[in-house]
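Since the structure comes first, as structure tokens, the remarks are kept for the end.
Laboratory data are not the source of any read-out in this text; all were calculated from the coordinates shown. Just so it is clear, the structure is predicted and the values come from calculations on it, not from any experiment. Cβ sites come from the backbone with ideal geometry, for glycine too, and all protein chains shown count toward neighbours.
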Amino acid sequence: AAYPAPAVISLLNRCFGTMVDITARHFGTVDKFIGDAIMVIFGGDPAAPRDHARRAVLCAVEMQIAMNELRERHREEGVPDLYMGIGINTGKVMAGLIGSEAYRAYTLIGEEVNIASRIEALSLRGQVLMSESTYMHCRDFVEAGEPTEVHVKGKADRVRVREALGVPALGKVMPRQDVRKSPRVAVRLDIDYWVLEGKVVTAARLRAVIRDLGYNGALVELERSLPVYSELKLAFDLPALGYRAEEIYARIVSTREQEGRMLAGIEFTSIAADASAKVRLSVQMLLQGEYHETE
């Protein structure tokens, strides 16, 4: 909001131009632009899904390398950094002209398209996440991280995803940009907390508001200033899951003042497995718009 709208449009178009050129190099097709997102198709011979998956993964890795180069140029020009997360899925879809007599466009629809979109929503900035189906078609081609299972909107079962780290045979290495270990989502959740003195939990229960939440920590708006490295005990509700997370211990790792409010970045240092699973599920659901956490 602080950057002029025409400059934002110019910046996005510069990035889109680069991404479209890379897509064309790998024989991908831009299906559509959705706000600041791009939907790209890698089709061809239905009997050769390995080729589709390889081209998609290589294209995604090269996109992230190009974004890194663009950021270096943007810093020299004094303009904001832009980051991109990418989600890839492989599967059968329906394709055709969709619309009305007045307007129609060729596009893809189906569950596999939705899964790709949901995986993208869970990606960190500078990250490429791929489904297990994509990985199985190109596992001898891509270097990948360990699998993790995530909740995907509309699916009863969890979906296994892996992070693409590079394409060793071609000397392509992903330039990771985000040191966070999980995605973060904006929320407004009431939280009870107690300050630890030494190893002892003090009796005074204090109130705060979680402003954004991740798997391993949160940004919290505090009633009063606390020093970095303060140790806290936390308890808060996850309303849509009907669950109260309790006995969570955390450490303040950063603080800042914003418009008269004291904000603290906290890292969970001890959390039960059940509470951790519920927090992860909540973050994944929120990122996919399944519900809204409110104060």
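Laid out as a table, the results:
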item: Ascending count of other beta-carbon atoms within 10 Å, so fewest first, for Thr29, Thr23; result: Thr29, Thr23
item: Peptides ranked, highest mean first, by Cβ atoms within 10 Å: ranges 70-81, 7-18; result: 7-18, 70-81
item: Theoretical ellipticity at 222 nm over the chain - DSSP helices of four or more residues, -39500 (n - 2.57) apiece, nearest 500; result: -9500 deg cm²/dmol
item: Separation between Cα centres of segment 186-233 and segment 124-170, rounded to whole Å; result: 34 Å
item: Distance histogram for segment 184-287 (every C-alpha pair counted, 10 angstrom bins, percent rounded to whole numbers); result: 15, 53, 28, 3
item: Sequence of Asp21, Asp31 once ranked by neighbouring C-beta atoms within 10 Å, starting from the fewest; result: Asp21, Asp31
item: Cα extents of the chain along the three principal axes, largest first (Å); result: 67, 48, 46
item: Low-density loop cleavage sites - GluC sites (Glu not before Pro) in segment 178-225, where at most 16 other Cβ are within 10 Å (DSSP); result: Glu223
item: Peptides ranked, highest mean first, by Cβ atoms within 10 Å: ranges 230-237, 148-155; result: 230-237, 148-155
item: Total formal charge among the other residues, if their Cβ is under 15 angstrom from that of Val195, Lys/Arg +1 and Asp/Glu -1; result: +2
item: Crossing angle, helix 273-287 versus the chain [Cα axis fit, 0-90 degrees, rounded to tens]; result: 50 degrees
item: Estimated Rh, segment 5-173: Kirkwood, alpha-carbon pairs, angstrom; result: 16.9 Å
